[in-house]
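Colleague: Have a look at the structure that comes next, please.
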Amino acid sequence: MAKIKNLPENTLERLIIYFKVLDLLEKNKIEAISSEELAKRCGINPAQLRKDLSFVGNLGTKGVGYSVKSLKYNLKKFLGITQEWNLILGGITPLAEYLLQNKALSKAGFYFMAAFDRKEANIGKIINGVSVYSLDQLDYVFKAVKVDIGVITEEETPEIYLEAFLKHNLKAILNLSSVPFFVEDDKIQIENFSFEMSLTKLSFFLKHLA
C-alpha cells in the first residue's frame, strides 16, 4: 500500500467518489461490476480507475471485475471511515446548526462532541444534544474528550477559531468559512471549502462556455 504522502489529492477525491458510487450500487443490490462500468459511473476512464485503486491494493479479478461489497469495504478502511471520529465546531451560524442536526454525519462515523461561540447569547445552548461553550472553555473540553477534527463555520472572525484549534494541537481542520487558511506544517491538514468558492468555479465555467 502506498504511503499517504505519495497519494495525490485528486486521487483521494476520486477514491471518495468511488466509495459513494459503490455504496449506491450496494443499496441497489448490485454484487459485481466491471472496471469499465464503474469508471463510466464515476465519470473517468478505466485506466485511471485502476491506477487509483492500486493505491488501495489488488482488489479486482481479471475477467470478473470487482465485488461491490468487498471493494466498498476496502475503500472504507483505506479512507479511515470504519472508525468513529470526534468533532468540535467553532462558530454558531445557520450552517453550524444544520451540521449539528445532520444525522448523515453521525451515520458516517462523525460525531460532534461540543460547539463553541463568542456570543454570550449562544453560550449554554444545546443543539441536538451538543452543548455550546465559550471559547475560554476549550481547555476543559479537550481534557474531557478526545478531539480528532475541528470544524470552523464562523464567518466574522474564523481566524480566532483556527488559532485556538491549532494551539490545542488539532491536526485536521475543516474550514467552511469564506476565508481560506494555510499552514506550513505538513503534519496539519486544513480542508478549505465554501459554497462561494464552488459557485465561483461554476460562474467561471458559464462565463467561458463556448
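The values are calculated or read from the model by the stated rules, or taken from the named source; none is laboratory data. Quick caveat: nothing in here was measured; it's all calculated off a predicted structure. All Cβ positions, glycine included, derive from the backbone under ideal geometry; neighbour counts span all protein chains shown.
Okay, residues lined up against (1) surrounded by 18 or more Cβ atoms within 10 Å (Cβ to Cβ); (2) touching a residue at least 12 places away in the same chain (Cβ under 8 Å); (3) closer than 18 Å to Met113 by Cβ:
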site	(1), (2), (3)
Asn128	no, yes, yes
Pro158	yes, yes, no
Ser177	yes, yes, no
Pro180	no, yes, no
Ile188	no, yes, no
Glu196	no, yes, no
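Colleague: Oh, and also: Restricting attention to region 69-95, which residues are over 15 Å from the mean Cα position of the chain (by Cα), part of a helix (DSSP H, G or I) and either surrounded by 14 or more Cβ atoms within 10 Å (Cβ to Cβ) or not assigned by TED's automatic domain parsing to the domain that holds Lys146 (or both)? Even if it seems obvious, please write down each step before you answer.
Modeller: Residues of region 69-95 that are over 15 Å from the mean Cα position of the chain (by Cα), as a first pass: 69-74, 90-95.
Filter again for part of a helix (DSSP H, G or I), leaving 69-74, 94-95.
Of everything in region 69-95, those that are over 15 Å from the mean Cα position of the chain (by Cα), part of a helix (DSSP H, G or I) and either surrounded by 14 or more Cβ atoms within 10 Å (Cβ to Cβ) or not assigned by TED's automatic domain parsing to the domain that holds Lys146 (or both) turn out to be Lys69, Ser70, Leu71, Lys72, Tyr73, Asn74, Leu95.
Colleague: Here is a further query. Mind checking whether some residue in region 12-29 is farther than 21 Å from Gln189 by Cα and outside any helix (DSSP H, G or I)? Show your work before the answer.
Modeller: First, the residues of region 12-29 that are farther than 21 Å from Gln189 by Cα: 18-29.
Within this subset, residues satisfying the condition of being outside any helix (DSSP H, G or I) are 28-29.
Yes, because at least one residue in region 12-29 is farther than 21 Å from Gln189 by Cα and outside any helix (DSSP H, G or I).
Colleague: OK, next. Considering only helices (runs of 4 or more DSSP H) fully contained in region 115-210, which possess at least 3 residues that are among the hydrophobic types (A, V, I, L, M, F, W, C) and within 22 Å of Asn102 (Cβ to Cβ)? Working first, answer last.
Modeller: Details: elements: 138-144, 158-167, 195-207.
Qualifying helices (runs of 4 or more DSSP H): 195-207.
Colleague: Return the only residue of Ile149, Ile123 being touching a Phe, Trp or Tyr at 6+ places or on another chain (Cβ under 7 Å), closer than 27 Å to Leu15 by Cβ, buried (at least 17 other Cβ atoms within 10 Å of the Cβ) and modelled with pLDDT of 95 or more. Before you say what the answer is, go through the steps one by one.
Modeller: Working: Ile123 fails: closer than 27 Å to Leu15 by Cβ.
On inspection, the qualifying residue turns out to be Ile149.
Colleague: While we're on this one: Just a yes or no: is a residue in region 93-105 over 28 Å from Lys20 (Cβ atoms) and modelled with pLDDT of 95 or more?
Modeller: As a first pass, look at region 93-105 and keep what is over 28 Å from Lys20 (Cβ atoms): none.
Within region 93-105 (the criterion being over 28 Å from Lys20 (Cβ atoms) and modelled with pLDDT of 95 or more), the answer is no, since none of the residues qualifies.
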